1. Quick one: divide the alpha-carbon radius of gyration of the chain by 2.2 N^0.38 Å and tell me what you get.
2. Counting pairs of alpha carbon atoms under 8 Å apart in space and at least six apart in sequence, what relative contact order in percent does the chain give?
3. Within the chain, what percent of beta bridges assigned by DSSP are antiparallel, to the nearest 5?
4. Could you work out [θ]222 nm for the chain from helices alone, using -39500 (n - 2.57) per DSSP H run of at least four and dividing by all its residues? Round to the nearest 500 deg cm²/dmol.
5. May I ask for the net charge around ARG56, where only other residues with Cβ less than 12 Å from the Cβ of ARG56 are counted and Lys, Arg are +1 while Asp, Glu are -1?
6. Taking neighbour Cβ counts within 10 Å as the exposure measure, how do LEU73, LEU124, LEU107 sort from fewest upward?
7. For the chain, give the magnitude of the charge dipole about the Cα centre (Cβ charges: +1 Lys/Arg, -1 Asp/Glu; no others), in debye to the nearest 20.
8. Specify which residue in the list VAL53, TRP119, VAL97 is farthest towards the positive end of the charge dipole of the chain, using unit charges on the beta carbon of Lys, Arg (+1) and Asp, Glu (-1), about the Cα centre.
Amino acid sequence: MSDAAANKERVQQFWAALYTRDWDAIGSFFDEDSEYTDVPSPPDDIAHGPAQVVARLRLGLGKISSYEHDLRLMVAEGDTVVTEHAETWHWHTGEQVTLPFVSVQQLRAGQIVRWWDYWDLSTLMNAAPAWWIEDIASGYL
């Protein structure tokens, strides 16, 4: 299997863990040098290492009641995997939103060392309940 194919398979495993919210498994995909951010957030808002990555994900995803993943396209070249996908989030108070994403992940030795998520912040903010926005504003650290 080529490096690109192995990296693509590894990212597919990561998405499977993320969409079951298996927080321990999610952390295992990252090492201490790993970085993750949502591009619409401030430039210095980057999670470093497995604990911060998981904390950041739990902050946004932990209080939604359910979500679905629609993987549309995944392309791998060398150490980089690009995924075009959408997530539909549901809150227990009835709101829902579908967020289109492009995720760029770079891997080294099977670990995701850089993950940049590109999406539209206004799509989320226009649909999310106020209580959830207040909660995530508290941050993940």
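1. For the chain, the normalised Cα radius of gyration comes out at 1.02.
2. For the chain, the relative contact order is 25 percent.
3. Antiparallel bridges: around 85 percent, rounded to the nearest 5.
4. Mean residue ellipticity, 222 nm, calculated: -10000 deg cm²/dmol.
5. Residues near ARG56 contribute -3 overall.
6. Going from least to most buried by this count: LEU73, LEU124, LEU107.
7. Dipole about the Cα centre, nearest 20: 220 debye.
8. The residue sitting farthest along the positive end of the dipole is VAL97.
Coordinate-derived values only; no laboratory data. Source: prediction; values computed, not measured. For neighbour counting, all protein chains shown are included, and Cβ atoms are generated from backbone atoms with ideal geometry for every residue, glycine included.
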